[in-house]
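Q: I'd like to ask you about the structure that follows.
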Amino acid sequence: MARIIAGVGTSHTPAIGAAVDNGKSAEPYWAPLFQGYEPAKAWMARTRPDVVIMVYNDHVNAFDFKIVPTFALGCASEFPIADEGWGPRPVPPVQGYPQLAAHLVQSLVLDEFDMTIVNEMQVDHGLTVPMTLLYGTPHAWPCRVIPLAVNVIQYPAPTGHRCYMLGKAIRKAVESWNEDLKVVIFGTGGMSHQIQGPRAGLVNTPFDKAFLDGLSRDPERLVGIQPLEYLRDAGAEAIELVMWLIMRGALGERVEEVHRFYHVPASSTAVGNIILESR
Amino acid sequence: MTEVKQKEEAYEDIPGTWVFDAQRARQGYHLNEFLYSLMKAENRKAFLADEAEYTKRFRMTEAQRQGVLHRDWNRLLELGGVSYALAKLAFTDGKSYQYMASRMTGMTEKEYVEMMLKGGRSPDGWRSKSERQGRA
């Protein structure tokens, strides 16, 4: 049986990818951030999942506004790296797992989550920056990846409650796949940040720390945070944190927090990282 | 219906922010399609070679077109541009998200970076327009 053994919450700030790609990760601005991710990288190297389910959002790269899917599941065998406006990141293409993705679609739709099926898709920094943070710069990624793109760009994003329930349905779907696989699910984006308008640069560290505490000890409280609260208290782009609730929902009730890191800033973003193992 | 309307009005109460909701997305559709086109290197080249001519390929309003030509970032947000698409215009200019965000705040990039290094902008005084006015 396939099992979701752990969840990783991490920001996916594009400037982090650019820092690695341009050889700046040892500079004083960036060094504390990358040092802070070393334990997570070591955990990943020990854990070696077969499959990563990457919950992230596309940033007007795979999807323009012709079609805006709320939940889009990547069912392709390979996902090329998008050119977001400065050339594609120099990272390996992402290998998918079409058979398992098709199974997830089937199970999730029957569980009343209307997934959009995506058979061709480029992936952007929302997916590749978490890969870089957890795996470094290998020639090929050491796992297959199933992308789950969530619309958090055009309001309203799905609610935290909806996301949490989707996570639970993903756990059920994975556990009904008859192959011994270790699966790690990522929830990415956030934490507090706003990158638009005169209010850009907003950071709310108490909000972020309470969110990390809640993931570990009281996810039901987080599920009740309304969209407007994310916007008001943690910045227009903090709504991305609902994606972390998909990850948390997929871990089952009991988790053990094995790592946490928090850092301000990466460009305009408060960066958070948490690793929760299912118990 | 009433509840939905109240929520839309509540978005408008957040100061210094243009929430990209369905109405703004509708208004900004052709602007964002123009910005999306800048994902391709040949389009970036064609745009930079003759900005006014290139923008005519898209059914933007004149106000949106002027916003593009003048890199009037906040005006473009107001007219339905979404920040991630606007970033493609900044990248085409060889600039970063951070540069674009700093311009939106009216700070220099250096001032903006310094604010971020000090922990960012506190939400205090920025949660609602009434709170903002109380501080001003």
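The values are calculated or read from the model by the stated rules, or taken from the named source; none is laboratory data. Because the structure is a prediction, the values reported are computed rather than measured. All Cβ positions, glycine included, derive from the backbone under ideal geometry; neighbour counts span all protein chains shown. Calculation scope for accessible area: heavy atoms of the full protein, side chains included, ligands and nucleic acids excluded. Shrake-Rupley method; radii C 1.70, N 1.55, O 1.52, S 1.80 Å.
Q: Which of the residues that make up segment A:93-104 are over 28 Å from B:L86 (Cβ atoms) and open to solvent by 20 Å² or more (accessible area, probe 1.4 Å)?
A: Those that are over 28 Å from B:L86 (Cβ atoms) and open to solvent by 20 Å² or more (accessible area, probe 1.4 Å): A:Q95, A:P98, A:Q99, A:A102, A:H103.
Q: Quick check: is even one residue across segment B:18-36 over 12 Å from the mean Cα position of the chain (by Cα), buried (at least 20 other Cβ atoms within 10 Å of the Cβ), within 17 Å of A:D64 (Cα to Cα) and within 13 Å of another protein chain (Cβ to nearest Cβ)?
A: Yes - at least one qualifying residue is present in segment B:18-36.
Q: Step by step: first the residues of segment B:107-127, then only those that are in a loop (DSSP other than H, G, I, E, B) and facing chain A (nearest Cβ under 7 Å), then the one that is farthest from A:G201 (Cα to Cα). Which residue is that? Outline the logic, then answer.
A: Keep residues of segment B:107-127 that are in a loop (DSSP other than H, G, I, E, B), which gives B:107-108, B:118-120, B:122-127.
When the remaining residues are screened for being facing chain A (nearest Cβ under 7 Å), the result is B:119-120, B:123, B:126-127.
Details: B:G119: 9, B:G120: 6, B:P123: 10, B:W126: 11, B:R127: 14 Å.
Selected residue: B:R127.
Q: Can you name the condition, by its number, that B:E42 falls short on among (1) within 12 Å of chain A (Cβ to nearest Cβ); (2) over 24 Å from A:H12 (Cβ atoms); (3) part of a helix (DSSP H, G or I); (4) open to solvent by less than 60 Å² (accessible area, probe 1.4 Å)?
A: (4)
Q: Those residues that are assigned to a helix (DSSP H, G or I) and surrounded by 21 or more Cβ atoms within 10 Å (Cβ to Cβ), I need them from segment A:145-168; list them, please.
A: Passing the criteria: A:G160, A:C163, A:Y164, A:L166, A:G167.
Q: Only one of these is closer than 25 Å to B:S102 by Cβ and at pLDDT 95 or above: A:E256, A:E240. Name it. Talk me through it step by step, then tell me what you get.
A: Values: A:E256 fails: closer than 25 Å to B:S102 by Cβ.
Answer to the selection: A:E240.
Q: Quick one: in segment B:57-101, of everything that is more than 13 Å from every other protein chain (Cβ to nearest Cβ), polar (S, T, N, Q) and part of a helix (DSSP H, G or I), which residue is most open to solvent (accessible area, probe 1.4 Å)?
A: Going through the qualifying residues, I end up with B:Q66.
Q: Is it the case, given these coordinates, that A:T269 is in contact with a Ser or Thr (Cβ under 9 Å, 6 or more places away or on another chain) and either open to solvent by 10 Å² or more (accessible area, probe 1.4 Å) or within 14 Å of chain B (Cβ to nearest Cβ) (or both)?
A: Numbers: in contact with a Ser or Thr (Cβ under 9 Å, 6 or more places away or on another chain): yes; either open to solvent by 10 Å² or more (accessible area, probe 1.4 Å) or within 14 Å of chain B (Cβ to nearest Cβ) (or both): yes.
Judged against the criteria, A:T269 is a match.
Q: On to the next question. Being open to solvent by 50 Å² or more (accessible area, probe 1.4 Å) and in contact with a Phe, Trp or Tyr (Cβ under 8 Å, 6 or more places away or on another chain) is the filter; apply it to segment A:1-25 and report the residue that is farthest from A:V271 (Cα to Cα).
A: A:M1
Q: Could you list, in sequence order, all residues of segment A:46-83 that are part of a loop (DSSP other than H, G, I, E, B), open to solvent by 10 Å² or more (accessible area, probe 1.4 Å) and in contact with a Lys or Arg (Cβ under 8 Å, 6 or more places away or on another chain)?
A: A:R48, A:D50, A:D83
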